[in-house]
Amino acid sequence: MGANSSSISELPENEYLQKLSGSEPISENDPFWNQLLSFSFTTPTNSADLKLLEEATISVCKSLVEKNPRTGNLGSLIKVFLSRTKELKISAECQNHLFIWQAHNALFIICCLLKVFISRMSEEELQLHFTYEEKAGPSSYGAECEDLIEELLCCLIQLIVEIPLLDITYSISLEAVTTLIVFLSCQLFHKEILRESLIHRYLMHGRCLPYTSRLVKTLLYNFIRQERSPPPGTHVFQQQTDGGGLLYGIASGVATGLWTVFTLGGVGSKASAQLEQCSPLASQSLLLLLVLANLTDTPDTPNPYRQAIMSFKNTQDNTAFSSSNPHAFQINFNSLYTALCEQQKSDQATLLLYMLLHQNSNVRTYVLARADIENLVLPILEILYHVEERNSHHVYMALIILLILTEDDGFNRSIHEVILKNITWYAERVLTEISLGSLLILVVIRTIQYNMTRTRDKYLHTNCLAALANMSAQFRSLHQYAAQRIISLFSLLSKKHNKVLEQATQSLRSSLGSNDSPLPDYAQDLNVIEEVIRMMLEIINSCLTTSLHHNPNLVYALLYKRDLFEQFRTHPSFQDIMQNIDLVISFFSSRLEQAGAELSVERVLEIIKQGAVALPKDRLRKFPELKFKYVEEEQPEEFFIPYVWSLVYNSAVALYWNPRDIQLFTMDSG
């Protein structure tokens, strides 16, 4: 692209870019395209690379935005790309770099241009840039634009699902996924959720629709396989020493032109450490999948990508597909489960796990039947444990995943049978041996305590307590530390309750002398604390009434801190639930008194185990079983769409948007 362009600062003067953005129409058959597309570079690997490139070429893009409706050069470039892609599949099979190289370069330029266009104009204006027809003149706006946009979208999907993933096709597959994300990025520039969109219509109707299940399946497999990007230069055409034909005779000079900057220590010369550790294609495919799954339904069409995610089955499942869902497919659940277990450090993998557990009953059933459930649960617990380092959305998703899992009694039983050794990330106490169930209780209680002192988020409290409540009837052989933490949390709540009561009393007294100052709303604070205390008492009661004989450590902790419960015995909000707890405390206290003073811990536990058999169960009052089910709030898209796009904004490979242009979310929410 011009042998003199050796730095980013010289890009605006590059003759090929100037011609592309100039006033003269360039026919799609013009030899210019061979020159424009015959460059070699290492694809930019992060947003910083793209930011530098975009800032350097902004004048070129502005010129193209202004002149393209009269020249149609963007449309010509797209048609050149479409013609190159017709040979891609056979080129990949024959290891022919020629068409792959030029098609990739064309798509890279298209993607860069589209990103600028979409950030600067409405979809209606964007259409105008796809409408030029040389014979009819620049005023022929109409169906041609729709055909070209739809053809490009359909071509990108076909490229993703049909081109085999090889070293030489990796970059173009990644670029196709990235370009689809860019096509959908108009949402970033609107505060409101887009419910009607030209691009959405193309993806959910017409020529793209038959590819729905294949696209979802391919994106999932890209995520599962976690293919690393091939070494730099793998995808680049290597010129033959014998000349290699006319086109590549001229290409040898062109390839050292504009894009030299990418290979001589400039943009994209070094992949970031993070990218060296992961798979750009897997990361980008997952982001595209999340975006597609969260497109809003139209009045006449439910989102087909969400339908596909809701209904796919295991490859080992031989039952017939429902005729009501044309988008169902099969995938290897074992591979999917392994990838989900390994990738939970990222928000987007946790969000995918949430979507699959919540929306796909086949996946949920499979996960709950796994004998190695700890491989999935431990990474989720680690997210919650490091709550200070995670954004609130990631914590919510992890917590809701636990809540969904605890809806299943089989899960609640099995986690107490899984014994873990040396949990190194749990820092409060050395845990040489603990059940998965006890560890789960410890982490959830720690999350509640963190929330009480820092964020004070009622939604977080509610979901934490709901998960504990779901588990409570199945508590088995609780670790002594887990039992202590349950009672310690109750102690903390009790102190907080007393403090708010005291503040309310003092405030009331001081207000008697002055009618002007408004009273703080202590009643609301008190109400929230009492709701949480009630829930904790119900959790303790549920365990005592259903599995007391399995949990001597909880009875021990209860007796050790029996004074805590005195104040709630006569409280009208807790009297009923306190009856059973009071009975248990009285029963075991009397047995310990009969055994004498100065009892060792071992002896106390022995007396508790003996007493658990003798306790008259018929004297314990029956309460309804504690069962909570996760239900998405109304209009979940108001939460999920900004969340997904914040992940794209922060995590997409080699995509940069100017933060000043973003309307959908504030920067600190991303």
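Consider only pairs whose beta carbons are under 6 Å apart and that are at least six residues apart or on different chains; among these, list those whose first residue lies in segment 178-207 and is farther than 12 Å from V291 by Cα and whose second residue is among the polar types (S, T, N, Q) and part of a loop (DSSP other than H, G, I, E, B).
Once the first residue is farther than 12 Å from V291 by Cα and sits in segment 178-207, its partners that are among the polar types (S, T, N, Q) and part of a loop (DSSP other than H, G, I, E, B) give F189/Q663; H190/Q663; K191/Q663; R195/T296.
Out of curiosity, is H461 in contact with a strand residue (DSSP E or B) (Cβ under 7 Å, 6 or more places away or on another chain) and open to solvent by 10 Å² or more (accessible area, probe 1.4 Å)?
Working: in contact with a strand residue (DSSP E or B) (Cβ under 7 Å, 6 or more places away or on another chain): no; open to solvent by 10 Å² or more (accessible area, probe 1.4 Å): yes.
No: the conditions fail for H461.
Results for (1) open to solvent by less than 90 Å² (accessible area, probe 1.4 Å); (2) within 20 Å of S542 (Cα to Cα), shown as yes or no for each residue.
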position: I577; (1), (2): yes, yes
position: N580; (1), (2): yes, yes
position: V584; (1), (2): yes, yes
position: E593; (1), (2): no, no
position: S600; (1), (2): yes, no
position: L615; (1), (2): yes, yes
position: E634; (1), (2): no, no
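Which numbered condition trips up S229, out of (1) at pLDDT below 95; (2) more than 28 Å from V116 (Cα to Cα)?
Going through (1) at pLDDT below 95; (2) more than 28 Å from V116 (Cα to Cα) one by one, S229 breaks only (2).
Given the conditions (1) open to solvent by less than 60 Å² (accessible area, probe 1.4 Å); (2) within 36 Å of the chain's Cα centre (by Cα), which single one is not true for E625?
Result: E625 fails condition (1) only.
Within the set of pairs 6+ apart or on separate chains, which have a first residue in segment 464-485 that is under 13 Å from L405 (Cα atoms) and assigned to a helix (DSSP H, G or I), a second that is β-branched (V, I, T) and modelled with pLDDT of 95 or more, and C-beta atoms under 6 Å apart?
C464/V444; A467/T406; A467/V444; L468/V444; L468/I539; A469/I539; N470/T406; M471/T406
Residues of segment 277-326 being modelled with pLDDT of 85 or more, open to solvent by 20 Å² or more (accessible area, probe 1.4 Å) and within 25 Å of I641 (Cβ to Cβ), which ones?
S283, N294, D297, P302, R306, Q307, M310, S311
Considering only residues that are modelled with pLDDT of 95 or more and of a type in the set (S, T, Y), look in segment 397-425 and name the one that is most open to solvent (accessible area, probe 1.4 Å).
Ranking the qualifying residues of segment 397-425, first place goes to S414.
Within segment 568-578, does at least one residue satisfy the condition of being assigned to a helix (DSSP H, G or I), closer than 12 Å to L615 by Cα and out of contact with any His (no Cβ under 7 Å at 6 or more places or on another chain)?
Of segment 568-578, the ones assigned to a helix (DSSP H, G or I) are 568, 575-578.
With the extra rule that they be closer than 12 Å to L615 by Cα, the set shrinks to none.
The answer is no, given that none of the residues of segment 568-578 is assigned to a helix (DSSP H, G or I), closer than 12 Å to L615 by Cα and out of contact with any His (no Cβ under 7 Å at 6 or more places or on another chain).
Any idea which of (1) at pLDDT below 95; (2) under 30 Å from the mean Cα position of the chain (by Cα) is the one F223 doesn't satisfy?
Here F223 clears every test but (1).
Working only within segment 338-354, note down all residues that are open to solvent by 10 Å² or more (accessible area, probe 1.4 Å) and either within 10 Å of I400 (Cα to Cα) or assigned to a helix (DSSP H, G or I) (or both).
From segment 338-354, those open to solvent by 10 Å² or more (accessible area, probe 1.4 Å) are 338, 341-343, 345-348; that's our starting set.
Passing the criteria: T338, C341, E342, D347, Q348.
What helices (runs of 4 or more DSSP H), lying completely within segment 4-108, carry at least 2 residues that are surrounded by fewer than 21 Cβ atoms within 10 Å (Cβ to Cβ) and modelled with pLDDT under 80?
Details: elements: 15-20, 32-37, 47-71, 73-85, 88-93.
Once the helices (runs of 4 or more DSSP H) in segment 4-108 are filtered for at least 2 residues that are surrounded by fewer than 21 Cβ atoms within 10 Å (Cβ to Cβ) and modelled with pLDDT under 80, what remains is 47-71, 88-93.
Can you say whether L194 is modelled with pLDDT of 90 or more, assigned to a loop (DSSP other than H, G, I, E, B) and buried (at least 17 other Cβ atoms within 10 Å of the Cβ), as far as the supplied structure shows? Walk me through it before giving the result.
Working: modelled with pLDDT of 90 or more: yes; assigned to a loop (DSSP other than H, G, I, E, B): yes; buried (at least 17 other Cβ atoms within 10 Å of the Cβ): yes.
Criteria met by L194.
The values are calculated or read from the model by the stated rules, or taken from the named source; none is laboratory data. In this text, all values refer to a predicted model and were calculated from it rather than measured experimentally. Using ideal geometry, Cβ is built from the backbone for each residue, glycine included, and neighbour counts are taken over all protein chains shown. All accessible areas refer to the heavy atoms of the entire protein, side chains included, with ligands and DNA or RNA removed. Shrake-Rupley method; radii C 1.70, N 1.55, O 1.52, S 1.80 Å.
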